[in-house]
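Here's the structure we're looking at; comments come further down.
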Amino acid sequence: MTASDNSSDSTHFGFREVPKDEKAGLVRGVFDSVAENYDLMNDLMSGGVHRLWKSAMIDWLMPRKGQHLLDVAGGTGDIAFRFLDAVEGDGRVTVLDINHAMLSVGQDRAIDQGRLTGLDWVNGDAQSLPLPDKSVDAYTIAFGIRNVTDIPKALREAYRVLKPGGRFLCLEFSKVEAPALKEFYDFYSFKLLPEIGGLVAKDKPSYQYLVESIRLFPDADRFAEMLREAGFGQVKYRRLSGGIAALHSAWRL
Ligand SMILES: C[S@@+](CC[C@H](N)C(=O)[O-])C[C@H]1O[C@@H](n2cnc3c(N)ncnc32)[C@H](O)[C@@H]1O
């Protein structure tokens, strides 16, 4: 079974098989535990490269002034802040996340950075968005979709809340193809990364889950197919850093 398989009562939580109705609680536990160290760990684990990927996401989005972005699994606000900078504060972002602790860190960061307007912080689930149909200009999700139990349902929700002509962008870990890079990447992710998580964030199991969840996420072609199945058009993707991550773009037509 892959993370995109929707036909059984169980699903993956990392490499463990768990009942579907338990996964969201387990994922919530992971992000409760990592929230305080999340931003530091992102920089440490990726050597800062996650910043380049997030900038690539905003570049491809080409935000326009006055737009309303829904950033799902928005966590500590990285995508929201970049969007607001791109539109010079003339826009609105709803940052939606299932985890209170991540949102709370994001709200503190916003205050520290003097970002007092244009941001709504909403506790909610990607699978049942608390927004009306056809209400947002753009939908982004960065490193969030692989944590969702029912990915096709989340994609249908993304389609529902986008206005016709609205844009969908997803940044997610993907599959490394070059054999030499793959060997190094596997060693780094399975051997080193959980150790770094244990030392810095004092939570090896959560970082073990993160690595395992990356391996189970569908490859870029399959994820593009899932977007088409949810109704999206003009589906395209770009591989980043040799396929370590991928950016998918799609439109509600
Ligand atoms: C790896 S973090 C990414 C945060 C941020 N987007 C970034 O790129 O830095 C994944 C986020 O997904 C959130 N998440 C997991 N499952 C979710 C769901 N079903 N609905 C909404 N958010 C979810 C987690 O709480 C966490 O904040």
Provide the FRET efficiency to the nearest 0.05 for the Phe187-Leu52 pair, computing r from the beta carbons and using R0 = 22 Å.
-> 0.50
Please give, to one decimal in nm, the separation of the simple spin-label points placed at Gln107 and Asp90, each 7 Å out from Cα toward the Cβ.
-> 3.0 nm
When the scattering of region 118-211 is computed by the Debye formula from its Cα atoms alone, each counted once and equally, what is log10 I(q)/I(0) at q = 0.24 Å⁻¹?
-> -1.17
Among all the lysines, which ones have a C-alpha under 26 Å from Lys236's C-alpha, if same-chain residues fewer than 8 places away are not counted?
-> Lys54, Lys65, Lys134, Lys153, Lys163, Lys175, Lys182
So the carbon and sulfur contribution to the accessible area of region 89-179, 1.4 Å probe, in percent, is 51 percent
For all pairs of alpha-carbon atoms in region 62-181, what percent lies in each bin of width 10 Å, listed from the first bin to the last filled one?
-> 14, 46, 30, 9, 2
For the chain, the charge dipole (Cβ of Lys, Arg +1; Cβ of Asp, Glu -1; about the Cα centre) points to a positive end, and the Cα of Gly166, Phe217, His50 closest to that extreme belongs to Gly166
Over all Cα pairs of the chain, how is the pair count split among 10 Å bins, expressed in % and running from 0 up to the last occupied bin?
-> 7, 32, 40, 19, 2
Can you give the accessible area of Glu177, probe radius 1.4 Å, in Å² rounded to 10?
-> 120 Å²
Kindly state, to the nearest 0.05, the FRET efficiency for Asp43 paired with Ser8, given R0 = 30 Å and r defined as their beta-carbon distance.
-> 0.20
About its Cα centre, what dipole magnitude does region 113-165 give when the only charges are +1 on Lys and Arg Cβ and -1 on Asp and Glu Cβ, stated in debye to the nearest 20?
-> 120 debye
May I ask you to compute the full-extension gain from Ala178 to Arg222, defined as 0.36 nm times their residue separation minus their alpha-carbon distance, rounded to one decimal in nm?
-> 14.0 nm
Which value, in debye to the nearest 20, gives the size of the charge dipole of the chain about its Cα centre, when Lys and Arg are +1 and Asp and Glu are -1 at the Cβ?
-> 640 debye
Simple label model, 7 Å out from Cα along Cβ direction - Arg16 to Glu229, nm = 2.6 nm
Exposed-loop cut sites defined as trypsin sites (Lys or Arg not before Pro) in DSSP loop states with at most 14 other Cβ within 10 angstrom; longest site-free run of the chain spans 66-133
Rounded to 5, percent antiparallel among DSSP beta bridges of the chain = 45 percent
Would you be so kind as to identify which of Trp251, Gly124, Tyr237 lies farthest towards the positive end of the dipole of region 118-253, taking Lys and Arg as +1 and Asp and Glu as -1 on Cβ and the Cα centre as origin?
-> Trp251
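The values are calculated or read from the model by the stated rules, or taken from the named source; none is laboratory data. None of the values given here were measured: they were computed from a predicted structure. All Cβ positions, even for glycine, are placed from backbone atoms using ideal geometry, and neighbour counts span all protein chains on display. Note: accessible area is taken over every heavy atom of the protein model, side chains too, but ligands, DNA and RNA are not part of it. Shrake-Rupley method; radii C 1.70, N 1.55, O 1.52, S 1.80 Å.
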